[in-house]
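Undergrad: Quick one: the structure is below, questions incoming.
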Amino acid sequence: MKTSHASVSQHTLLVAGETFEDMYTVLRNKEGRTYTDEQVALLPYIKPEHPNEKEWKIRTQSSDRLVNHLQKQRKPLNILEVGSGNGWLSAKLAKIENVKVTGLEPNNIETEQAQRVFKKSNLRFITGNFSEQLFKDQPKFDVIIFAASLQYFPIFKEVIENAFALLNPNGYLHILDTNFYKEDELQIAKERCVAYFNALGLPLMSGNYFHHLFNEIYSFKHKIMFSPHTLWNKLTHQQGFYWIILKP
């Protein structure tokens, strides 16, 4: 990647002898988002009594919408998921006919779990920071997905342009399960974030979590595929975040 900012925000930041990976692992444990191999294998389904069950219902809806969209392409697709975590979404995408999927995750603990749980010939998981250099000798991608990962990149425009450099002609990006903010919401959101990480005893994490404005998408060719704010989606209980496609 041409910029060092995204790499710093993902995994390499050293603070008080700890890496971002160390802090992130502690955070996931405290939030109850560390899952057994058996639980990961079933995601996005999780037992109704689990404290994060509501969150996983939302991610079930968003991932189903994405898979249905990609299935309709009816052509070979080389897919990259940036920030694949424990691998559940990449594994779900790998069930689509005639696709190859790469899950990229800076946290080696999660990569190792994904490799352990999901074994498919058209699916691979690698540990690393998102960068053009990482994929310099490999085929470019038809689809790049950021699902609940953009908040770890400080500059929206930069990471999107770096992703565009990895796309084939006619390739495009998907953004989902991601918070975007209006200008008048930004300061309150940042303060809420600081308070949240302070309460968890991880104040340094707020320096690794970034808030992006919704109007930043207007710098790019874009299409809003899903908005949680339409009347129909509210009436039909379609929950979640914006699903946005960006094209170079």
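The values are calculated or read from the model by the stated rules, or taken from the named source; none is laboratory data. The model shown is predicted, which means the values in this text are computed figures rather than measured ones. Quick reminder, even Gly has a Cβ in these numbers, built from the backbone with ideal geometry, and neighbours come from all protein chains shown.
Undergrad: With the structure loaded, tell me whether Pro51 is more than 18 Å from Thr178 (Cα to Cα) and either touching a residue at least 40 places away in the same chain (Cβ under 8 Å) or over 17 Å from the mean Cα position of the chain (by Cα) (or both) or whether it fails that test.
TA: Working: more than 18 Å from Thr178 (Cα to Cα): yes; either touching a residue at least 40 places away in the same chain (Cβ under 8 Å) or over 17 Å from the mean Cα position of the chain (by Cα) (or both): yes.
Yes; evaluated as a whole, the condition is true for this residue.
Undergrad: Is it the case that Ala189 is at pLDDT 95 or above and either more than 28 Å from Pro44 (Cα to Cα) or of a type in the set (Asp, Glu) (or both)?
TA: On the way: at pLDDT 95 or above: yes; either more than 28 Å from Pro44 (Cα to Cα) or of a type in the set (Asp, Glu) (or both): no.
No, not satisfied.
Undergrad: Do any residues in the stretch 186-207 that are touching a residue at least 40 places away in the same chain (Cβ under 8 Å) and loosely packed, with under 15 Cβ neighbours inside 10 Å have Cβ atoms under 6 Å from those of residues that are of a type outside the set (A, V, I, L, M, F, W, C) and assigned to a helix (DSSP H, G or I), where the two are at least six apart or on different chains, and which pairs are they?
TA: Qualifying pairs under 6 Å: Leu200/Lys30.
Undergrad: What pairs can you find where one residue is in the stretch 104-127 and more than 12 Å from Asp37 (Cβ to Cβ) and without any contact (Cβ under 8 Å) to a residue 60 or more places away in the chain, the other is among the small types (Gly, Ala, Ser) and in a strand (DSSP E or B), and their Cβ atoms are less than 8 Å apart, with a gap of 6+ or different chains?
TA: Pairs that qualify, where the first residue is more than 12 Å from Asp37 (Cβ to Cβ) and without any contact (Cβ under 8 Å) to a residue 60 or more places away in the chain and the partner is among the small types (Gly, Ala, Ser) and in a strand (DSSP E or B), are Thr111/Gly103; Leu123/Gly103; Arg124/Gly103; Phe125/Gly103; Ile126/Gly103.
Undergrad: Filter the stretch 72-92 down to the residues that are surrounded by 14 or more Cβ atoms within 10 Å (Cβ to Cβ) and over 15 Å from the mean Cα position of the chain (by Cα) and list them by number. Give the steps one after another, and end with the answer.
TA: Quick first cut of the stretch 72-92, residues surrounded by 14 or more Cβ atoms within 10 Å (Cβ to Cβ) only: 77-92.
Within the stretch 72-92, Leu77, Asn78 qualify.
Undergrad: Go through the stretch 55-96 and give me each residue that's in contact with a Leu (Cβ under 9 Å, 6 or more places away or on another chain), more than 25 Å from Glu38 (Cβ to Cβ) and either among the aliphatic types (A, V, I, L, M) or without any contact (Cβ under 8 Å) to a residue 60 or more places away in the chain (or both).
TA: Selection gives Leu70, Leu77, Ile79, Leu80, Val82.
Undergrad: For the stretch 209-232, enumerate the residues that are in a strand (DSSP E or B) and loosely packed, with under 14 Cβ neighbours inside 10 Å. Show your work before the answer.
TA: The initial filter retains those residues of the stretch 209-232 that are in a strand (DSSP E or B), namely 213, 221-226.
The answer is Lys221, Lys223, Ile224.
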